[in-house]
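Novice: Below you'll find the structure I mean.
The values are calculated or read from the model by the stated rules, or taken from the named source; none is laboratory data. For clarity, every value in this text was computed on a predicted model and none was experimentally measured. Because the Cβ atoms are built from the backbone with ideal geometry, glycine has one as well, and the counts that use them run over all protein chains shown. The accessibility values were calculated without ligands, DNA or RNA, using every heavy atom of the protein model including side chains. Shrake-Rupley method; radii C 1.70, N 1.55, O 1.52, S 1.80 Å.
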Amino acid sequence: MTQIEQARTGVVTPEMEIVGRDEHLDPKQVRNEVFRGHMVIPANRVHLAGKLRPIGIGTAARVKINANLGNSPLSSDSECELRKLACAMQYGADTVMDLSTGEQIDTIRQRILDAATVPVGTVPIYQVAEQLDDIADMRPSDFLSVVEGQARQGVDYMTIHCAVLRDHLPLTERRVTGIVSRGGSLVARWMTVHREENPFYTHFDELCEIFRQYDVTWSLGDALRPGCLADASDEAQFAELKVMRELVTRSWGNGCQAMVEGPGHVPMDQIEMNVRRQQEWCHGAPFYVLGPIVTDIAPGYDHITSAIGGAMAAWYGASMLCYVTPKEHLGLPNLDDVRKGVIAHKIAAHAADVARGIPGARDRDDALSRARFAFDWEEQFRLALDPETARRMREETVSEIDGTRYCSMCGPKFCSMKNTQEIRRLNESPACPGRPSTETTNG
């Protein structure tokens, strides 16, 4: 049985036990969250037999982040993607998605699955498109075959754009950037050419049969997510979300776990409404958001624009953030882009965890603050999200780190923490030079 089916029978699975320990939750609470569909544990049975360590994605757990990997027809190879995988896991990515296009898709995915200790997701339509001259030539059986092949390899969750319907396409005609989802645009082309309904919607139950066999988690893809601020929160976006509501219920009925993907580019003042609406319409299923990116004018810095929106979305109830790198809208990210994207979104997720009062979330902050006040530089580096960068920045201006009781910005004379420590010592001393006496004299 799948995780959600076992939860329904009252079973606490070994995977739920692990999630409970990692999240400081009672395993029975984890079971109940999975039972209600408010938490997913993406854990394909095949990957579980390998290196996978299960995680929980849901509002009761820490906010998770995903890192997208994958080669393109223009750049990268399997060795490069494995280095990106190692980098993403090193800096705290909770899941990764292999979005490879071009050649050797199966080989790259298998190598990623063999090496990954975190859940791995995919977008199967990319592989189908690579195998055909034109996506319009796709038969539903072609897609089902690719999905089953990826499930057999051990993929833990899949993004499939099942909720975009033929009637939705005219709603995008006045958009500034149209359909920006790669998978969404491919299925839209198929529907337009064939003048038929979305085959992933009409074959949803058959897809659920494959997912249930391996316990693959649904990531219901948002084909009509907005690609710019001008298109945010429009009729097309919410028409698709209404269908996702139906598909969440159908996935649960088929014994499958499900999470819902969300926007996109969204102004800050619309983020709360977007999250609240998804939670209400989709029955509390975990919300997995790309960004949201809060401004369109920062090419090269979209890891920052995305982390701003991601922190807000997570604070309002999103369960997982899909990272954006500095290369978003510009090109395939390199190793350094992956590192920057992961850390920016790890900051966003952690800030939301602290604000939401997640058990143990602030412990690391408090420990680092104590080390900072004690000028314990090694402990500060150890606790930092990016120890190497913190150490390098410190060493750029101070050659001797150990024992240095001030930062290079202030120096010994103006260091506020050093002065605070001296003030405390003065107040603790009964008699110290320069301290006014509190004693009174007679006469």
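Novice: Report whether or not Val398 is in contact with a helix residue (DSSP H, G or I) (Cβ under 8 Å, 6 or more places away or on another chain) and either open to solvent by 70 Å² or more (accessible area, probe 1.4 Å) or β-branched (Val, Ile, Thr) (or both). So that I can check it myself, show each step before the final result.
Specialist: Values: in contact with a helix residue (DSSP H, G or I) (Cβ under 8 Å, 6 or more places away or on another chain): no; either open to solvent by 70 Å² or more (accessible area, probe 1.4 Å) or β-branched (Val, Ile, Thr) (or both): yes.
No, not satisfied.
Novice: Let me ask something else. Look through the stretch 226-249, keep the residues that are among the charged types (D, E, K, R) and crowded, with 16+ Cβ neighbours inside 10 Å, and return whichever of them is farthest from Glu5 (Cα to Cα).
Specialist: Here is the first cut: in the stretch 226-249, the residues among the charged types (D, E, K, R) are 231, 234-235, 240, 242, 245-246.
With the extra rule that they be crowded, with 16+ Cβ neighbours inside 10 Å, the set shrinks to 231, 240, 245.
Details: Asp231: 39, Glu240: 27, Arg245: 20 Å.
Checking each candidate, the answer is Asp231.
Novice: I want to confirm something. Restricting to the stretch 104-158 and keeping residues that are modelled with pLDDT of 95 or more and of a type in the set (Ser, Thr, Tyr), which single residue is farthest from Leu85 (Cα to Cα)?
Specialist: Ser141
Novice: Six or more apart or on different chains, Cβ under 7 Å: which pairs go from a residue in the stretch 157-169 that's more than 16 Å from Ala236 (Cβ to Cβ) to one that's buried (at least 24 other Cβ atoms within 10 Å of the Cβ) and of a type in the set (Val, Ile, Thr)? Could you list them?
Specialist: So the pair list comes out as Tyr157/Val216; Tyr157/Thr217; Met158/Thr122; Met158/Val147; Met158/Val216; Thr159/Val123.
Novice: If you check Val193, Val147, which single one turns out to be touching a helix residue (DSSP H, G or I) at 6+ places or on another chain (Cβ under 6 Å), more than 27 Å from Arg53 (Cα to Cα) and either in a helix (DSSP H, G or I) or free of Cβ contacts under 8 Å to residues at least 60 places away in the same chain (or both)?
Specialist: Details: Val147 fails: more than 27 Å from Arg53 (Cα to Cα).
Residue meeting the stated conditions: Val193.
Novice: Moving to a separate point now. Hey, among the residues in the stretch 5-36 that are within 15 Å of Gly58 (Cα to Cα) and in a loop (DSSP other than H, G, I, E, B), which one's most open to solvent (accessible area, probe 1.4 Å)?
Specialist: Per the stated criteria, the residue is His24.
Novice: Still on this model: Kindly indicate which of Ala116, Ala129, Ala151 is in contact with a Leu (Cβ under 7 Å, 6 or more places away or on another chain), more than 28 Å from Arg195 (Cα to Cα) and not charged (D, E, K, R). Talk me through it step by step, then tell me what you get.
Specialist: Details: Ala129 fails: more than 28 Å from Arg195 (Cα to Cα); Ala151 fails: in contact with a Leu (Cβ under 7 Å, 6 or more places away or on another chain).
Sole residue among the options that is in contact with a Leu (Cβ under 7 Å, 6 or more places away or on another chain), more than 28 Å from Arg195 (Cα to Cα) and not charged (D, E, K, R): Ala116.
Novice: Sticking with this one: Run down Ile210, Ile179 and say which single residue is open to solvent by 10 Å² or more (accessible area, probe 1.4 Å), touching a Ser or Thr at 6+ places or on another chain (Cβ under 9 Å) and β-branched (Val, Ile, Thr). Walk me through how you get there before you give the answer.
Specialist: Details: Ile210 fails: touching a Ser or Thr at 6+ places or on another chain (Cβ under 9 Å).
None of the others qualify; the one that does is Ile179.
Novice: Among the listed residues Asp353, Asp363, which satisfies the condition of being charged (D, E, K, R) and open to solvent by less than 40 Å² (accessible area, probe 1.4 Å)? Can you show your working first?
Specialist: On the way: Asp363 fails: open to solvent by less than 40 Å² (accessible area, probe 1.4 Å).
Every option except Asp353 fails the conditions.
Novice: Anything in the stretch 335-353 that is under 22 Å from Val180 (Cα atoms) and in contact (Cβ under 8 Å) with a residue 40 or more places away in the chain? List them, or say none. Talk me through it step by step, then tell me what you get.
Specialist: Start the filter on the stretch 335-353 by keeping residues that are under 22 Å from Val180 (Cα atoms), which leaves 337-338, 341, 345.
Within the stretch 335-353, Val338, Gly341, His345 qualify.
Novice: Still on this structure: Pick out the one residue from Ala314, Ala318, Ala361, Ala367 that is touching a residue at least 40 places away in the same chain (Cβ under 8 Å) and assigned to a helix (DSSP H, G or I). Reasoning before the result, please.
Specialist: Values: Ala318 fails: assigned to a helix (DSSP H, G or I); Ala361 fails: assigned to a helix (DSSP H, G or I); Ala367 fails: touching a residue at least 40 places away in the same chain (Cβ under 8 Å).
None of the others qualify; the one that does is Ala314.
Novice: Suppose the filter is buried (at least 24 other Cβ atoms within 10 Å of the Cβ), assigned to a helix (DSSP H, G or I) and out of contact with any Asp or Glu (no Cβ under 9 Å at 6 or more places or on another chain); does Ala88 pass it? Talk me through it step by step, then tell me what you get.
Specialist: Values: buried (at least 24 other Cβ atoms within 10 Å of the Cβ): yes; assigned to a helix (DSSP H, G or I): yes; out of contact with any Asp or Glu (no Cβ under 9 Å at 6 or more places or on another chain): yes.
Spelling it out, Ala88 is indeed buried (at least 24 other Cβ atoms within 10 Å of the Cβ), assigned to a helix (DSSP H, G or I) and out of contact with any Asp or Glu (no Cβ under 9 Å at 6 or more places or on another chain).
Novice: Of the residues that sit in the stretch 237-259 and are closer than 15 Å to Ile41 by Cα and of a type outside the set (Ser, Thr, Tyr), which one is farthest from the chain's Cα centre (by Cα)? Write out each step before concluding.
Specialist: Looking only at the stretch 237-259, we keep the residues that are closer than 15 Å to Ile41 by Cα, and these are 251-252, 255-259.
Those still in the list that are of a type outside the set (Ser, Thr, Tyr) too: 252, 255-259.
Working: Trp252: 22, Gly255: 24, Cys256: 21, Gln257: 17, Ala258: 15, Met259: 12 Å.
By that ranking, first place goes to Gly255.
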